[in-house]
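For reference, the structure is listed below as structure tokens.
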Amino acid sequence: MSELERKFERLLIDKGVVAAGSGAVVPLHFDAQQSRLRIAAGFVDPAHFTYRNPERAAVVARAFPWSHGYVSVAVSYATTRDAETQVAGYAYNRSYEDLREVLAVAVAYLRESGLRAASLFDSNQAFDKGLARRAGIGLVGRHTMVMVPKAGSRVVLGSIFTERLLSVSVGRRFRSDPCRNCRRCVDACPTGAIRLPGTLVAEHCIASILQQDSWSPVDRQLVGARVYGCDSCIDSCPIGWPSREESAPAPLVRWLTAGDQELLEEVGHWYIPRRDPFYVRRNVANALGNRGSLTRDERRALALLCVRSQTRERIEGLRSLLRVRWGR
Ligand code: SF4
Ligand code: SF4
């Protein structure tokens, strides 16, 4: 291991990276094939994220033709969701901002050392799960997320591409498959979206439904009292326990009453269809309606939403109020 590699590993650890590994930039044919099979089976939305163009996501060299090696990193986040918050831990904790900072520092370090480098995360240009798996930092669990030893799936993944192959290894490696005799996540999924041996049917997954711009009446009920994301399968997984830290509930009333810009400043890191704040308010109003037993402030905020907003928001607010009052 060179001095640069040793210092780079140290830098990653100091910045809070819990797992990192490296590999050569080669086409990820396996991941592209898996994506095509899922599209053909109707398990995913073919217009969404890497499913839009699996071939492009498989060949990272198209984005960075000069790259020969990559380093896959995992940054962990605490699950601070409580019963009231109903926002997934990774979104509530702004974990992608931590990851963005780690990647920026890592890329800057490599560039200062004379290497060409660039990074990607949460991008449809690369299969981040495939890159992490090939780099050996973790396995894909039955819940279809990458999990790493100790932190489990409470990690966000990113990749750093370099013009030469580096040898980097941070964190432990799994010695056996933890999913072999386990099906906790399958049983914990409230909608039955995870099918054995480990396939996710996206149209039944709450995290996916909450990002859609149109909902059926069934969808409205399926998502329950969740506003964004769903942690049930991650919380059930024995890899990564202990799982929860309590935190202040999400400010649902503020999200209902805030102006568009203020709202987007607060939750703009979520995936929101067309960046339209309506969908955030829709999710909040629906979650309150499904939860029932509103506080006075929540009831007022919903009523205010009905009075002041445009027609579709008024409809959402009214729907939620009606559901609470008359169970409709
Ligand atoms: S809950 Fe069990 S089956 Fe599901 S991902 Fe975790 S270890 Fe694997
Ligand atoms: S995120 Fe929620 S709905 Fe989706 S698979 Fe996991 S437990 Fe099921």
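Checking ASP219, ASP235 one by one, the residue that is open to solvent by 10 Å² or more (accessible area, probe 1.4 Å) and either among the hydroxyl-bearing types (Ser, Thr, Tyr) or away from ligand 1 (no atom under 16 Å from the Cβ) (or both) is ASP219 and no other.
Segment 82-134 holds no helices (runs of 4 or more DSSP H) entirely within its bounds that carry 3 or more residues that are among the aliphatic types (A, V, I, L, M) and under 28 Å from ARG291 (Cα atoms).
A quick yes/no check of all residues on (1) more than 16 Å from TYR92 (Cβ to Cβ); (2) under 19 Å from the mean Cα position of the chain (by Cα):
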residue: ARG195; (1), (2): yes, no
residue: CYS205; (1), (2): yes, yes
residue: LEU210; (1), (2): no, yes
residue: ALA248; (1), (2): no, no
residue: PRO251; (1), (2): no, no
residue: ARG254; (1), (2): no, no
residue: GLU262; (1), (2): yes, no
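Can you confirm whether ILE194 is within 14 Å of ligand 1 (Cβ to nearest atom), closer than 16 Å to SER236 by Cβ and buried (at least 19 other Cβ atoms within 10 Å of the Cβ)? Taking the combined requirement at face value, the residue satisfies it.
Mind listing just one residue for me: the one in segment 132-147 that is in contact (Cβ under 8 Å) with a residue 40 or more places away in the chain and open to solvent by 20 Å² or more (accessible area, probe 1.4 Å) and, of those, farthest from GLY171 (Cα to Cα)? Here the answer is ARG142. Any residue in segment 248-256 that is touching a Phe, Trp or Tyr at 6+ places or on another chain (Cβ under 9 Å), modelled with pLDDT of 90 or more, crowded, with 18+ Cβ neighbours inside 10 Å and not assigned by TED's automatic domain parsing to the domain that holds LEU139? Among the residues of segment 248-256, not one is touching a Phe, Trp or Tyr at 6+ places or on another chain (Cβ under 9 Å), modelled with pLDDT of 90 or more, crowded, with 18+ Cβ neighbours inside 10 Å and not assigned by TED's automatic domain parsing to the domain that holds LEU139, which makes the answer no.
Cβ-Cβ distances below 8 Å connect the following pairs, each with a first residue in segment 169-193 that is under 30 Å from GLU5 (Cβ atoms) and in contact (Cβ under 8 Å) with a residue 12 or more places away in the chain, a second residue that is open to solvent by less than 30 Å² (accessible area, probe 1.4 Å) and within 14 Å of ligand 2 (Cβ to nearest atom), and a separation of six or more residues or different chains: PRO178/GLY141; PRO178/MET147.
Within segment 11-38, the set of residues being part of a helix (DSSP H, G or I) and closer than 19 Å to VAL148 by Cβ comprises LEU11, LEU12, ILE13, ASP14, ASP31. Mind checking which residues of segment 153-189 are touching a helix residue (DSSP H, G or I) at 6+ places or on another chain (Cβ under 9 Å), open to solvent by less than 60 Å² (accessible area, probe 1.4 Å) and near ligand 1 (Cβ under 10 Å from one of its atoms)? Correct list: SER153, CYS179, CYS185, VAL186, ALA188, CYS189.
The values are calculated or read from the model by the stated rules, or taken from the named source; none is laboratory data. Computed from a prediction, not measured in an experiment: that's the story for all the values here. Cβ atoms come from the backbone with ideal geometry, glycine included; neighbour counts cover every protein chain shown. Heads up: the accessible areas ignore ligands, DNA and RNA and are worked out on the full protein's heavy atoms, side chains in. Shrake-Rupley method; radii C 1.70, N 1.55, O 1.52, S 1.80 Å.
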